[in-house]
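Shown next, in structure tokens, is the structure this report addresses.
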Amino acid sequence: MTATADHPGAARSEAGASGSVSPALALWLIMAGAVAVMALGVIKAPHPVQFNLPLVAHMSGLLAGYGVTVMMGLMSRAPGLERGVGADRLSRWHGLGGRAIFVLMLIHGVAATVAWSMVQRIPLSAATVDVLRMPGLVTATAGTLLFIGVGYVSTRNVRRRMQYESWHLVHLLTYVAIALSFAHELAGPDLAGMPLVQIAWSLLYTLSFGLVLRYRVLAPLTQMWRHRLRVDHIVHEGAGVVSIILRGRHLEELNAESGQFFRWRFLAGPLWLSSHPFSLSAPPHPQFLRITVKAVGDGTRLIHAVKPGTRVLGAGPYGAMTNERREGRGVLLIGGGVGITPMRALFETLPVHGRELTLLYRASSVEEILFRDELEHIARQRGAQLIFLTGSASDPRNAMSAQNLLAMVPDLATRDVYMCASPRLSSAATLALRQAGVPRRQLHHEDFSF
């Protein structure tokens, strides 16, 4: 469903009615839960409460266990979070939270072992053996080792060397690690002897796993049965890029909007093992959806070779980079490379008139420009401004600087800016836009990475 509100205030009221969770509310709820967990650690501590190694061990363990449920909730793909917070921001929070949980787990393990060594007055090696004999510690240790492995492959340098499909499969081991650690959390000293708290803790984990099961497993399967998406035909766009037109039924029920994306799983050969996030490259139609894919790895190359008739599981729509986020009347769209896909759909459908709508497309060369005929047709039809920025990045004329952006769009500071590009281009453009006076609340972007 493409937004048609003529004024951004109307769009925001519709967003509020849809039950989306704002970033501020999500953070407030997370912090409130963390405070409650820390209060539990204080209640269980000997009185008078002393800041010592046992307290550090208890607090870090409780916070790590709580943090795991938060991370599952953030990445459950629940529609309220996806639309309100945005997939890009959720991914960043997930990355930061994952690193925090990893540190808390290490602190918990080290502090607990050293504290036991001090209390029992035994060597650290003997204390380690004693700790591992405690209820659930062997499986919890195995879970921690899995967490370490997942954390390692998620570091930037390692992740860049991995194919998306391999990284995705390894990342799924996180759920195994959580399951292995859960028994220790219930049987450990922080929750032992408190049946009501143990029930509440179990319900928290049940809710988190339930959200994951509901929105990452059951929802895509339900959508596949209801909408029967299949590859209709493939259009070669050039420069190693193809557009895939998907035919389905009742697609208007998806309530998809320009600027959003789905996670696509092509049920052919090895492609069914992992899903790929691709934005809609054209406004949604009741019978068709279009995505555009660049061959950048083994998985995307296989997608290029899918045959018409291939069944497709599409989970979504996701993303908050829609008209609902608009604050002002004017809009600047910035697309880099294949990141033009959501910008092309927004360029056609945003309810912005004439020269108040500008699309800036950055490409390495003229040959790599996608949808040129379509973009020029839309620009003529809507009276909008279309700017192609091609050539070497070292050319000062191509620099994403505040001076260049203001020369192209003098009223930039009053506009909303939507952007989809590589992390490097997105970072440079964000800095330039802030220097040009664009308020942070008017910047809406998604990094083109995993």
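The figures follow:
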quantity	calculated
Amide N of segment 374-418 lying under 14 Å from the label point, which is placed 7 angstrom from the Cα of R434 along Cα→Cβ	402
Kirkwood-type radius of segment 381-447, with distances r between different C-alpha atoms, in Å	12.6
Exposure of R92 as accessible area (Å², to 10), given a probe of 1.4 Å and all protein chains	100
Rg followed by Dmax, in Å, when segment 249-400 is reduced to its Cα trace	16.6, 49
Most positive-pole-ward Cα, L412, M118, S154, against dipole of the chain from beta carbon charges	M118
Contour excess over end-to-end distance, with Cα ends at L169 and Q198 and 0.36 nm allotted per residue	7.3 nm
On Cα atoms only, tilt of 173-187 relative to the major axis of the chain in degrees	30
Where N is the number of residues in segment 89-148, Cα Rg divided by 2.2 N^0.38 Å	1.36
Within the chain, helix-based [θ] at 222 nm, where runs of 4 or more DSSP H residues each add -39,500 (n - 2.57), nearest 500	-16000 deg cm²/dmol
For segment 30-40, 3J(HN,Hα) per residue [Karplus equation, 6.51 cos²θ - 1.76 cosθ + 1.60, θ = phi - 60°, Hz, x = Gly/Pro]	5, 5, 4, x, 5, 5, 4, 5, 5, 4, 4
Where labels lie 7 Å past Cα in the beta-carbon direction, separation of V235 and R424 in nm	3.0
In order through segment 229-239: 3J(HN,Hα) via Karplus (6.51 cos²θ - 1.76 cosθ + 1.60), integer Hz, x for Gly, Pro	5, 9, 5, 8, 7, 10, 10, 7, 8, x, 6
Of G437, G143, G86, the one that fluctuates the most in a GNM where the chain has Cα springs shorter than 10 Å	G437
For the chain, the spread of Cα positions along each principal axis, largest first, Å	80, 49, 44
Global size of segment 195-269 as Cα Rg and Dmax, reported in angstrom	18.5, 63
Residue-wise HN-Hα coupling along segment 264-277, computed from phi with Karplus coefficients 6.51, -1.76, 1.60 (Hz; x: Gly, Pro)	9, 10, 8, 8, 8, x, x, 5, 5, 6, 9, 9, 10, x
Crossing angle, helix 53-74 versus the chain [Cα axis fit, 0-90 degrees, rounded to tens]	30
Where Rh is the Kirkwood radius over Cα pairs, Rg/Rh for segment 24-81	1.09
Estimated FRET transfer efficiency when R0 is 35 angstrom, pair E368-A219 (beta carbons, to 0.05)	0.50
Added length on full extension, which subtracts the Cα-Cα distance from 0.36 nm per residue, R301 to T139	54.4 nm
Mean separation of Cα contacts under 8 Å, 6 or more apart, over the residue count of segment 252-309: relative contact order %	28
Rg/Rh (Cα only; Kirkwood hydrodynamic radius) as it applies to segment 284-362	1.03
Solvent exposure, largest accessible area first (probe 1.4 Å, DNA, RNA and ligands not counted), of D373, D416, D130, D88	D373, D130, D88, D416
Theoretical gain in end-to-end length, V119 to S401 [0.36 nm per residue, Cα-Cα removed]	95.5 nm
Efficiency of FRET from Cβ geometry, A393 and R161, R₀ 22 Å, rounded to 0.05	0.40
Choice from E368, E82, E257 showing the highest fluctuation, given a GNM over the chain with Cα pairs closer than 10 Å	E368
Point-charge dipole on Cβ atoms (K/R +1, D/E -1) for the chain, about Cα centre, debye to 20	380
Crossing angle, helix 87-120 versus the chain [Cα axis fit, 0-90 degrees, rounded to tens]	10
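The values are calculated or read from the model by the stated rules, or taken from the named source; none is laboratory data. Model, not experiment: these values are computed from the prediction. Please note: Cβ atoms are built from the backbone with ideal geometry, for glycine as well, and neighbour counts cover all protein chains shown. Accessible surface areas use protein heavy atoms only, side chains included; no ligands, DNA or RNA. Shrake-Rupley method; radii C 1.70, N 1.55, O 1.52, S 1.80 Å.
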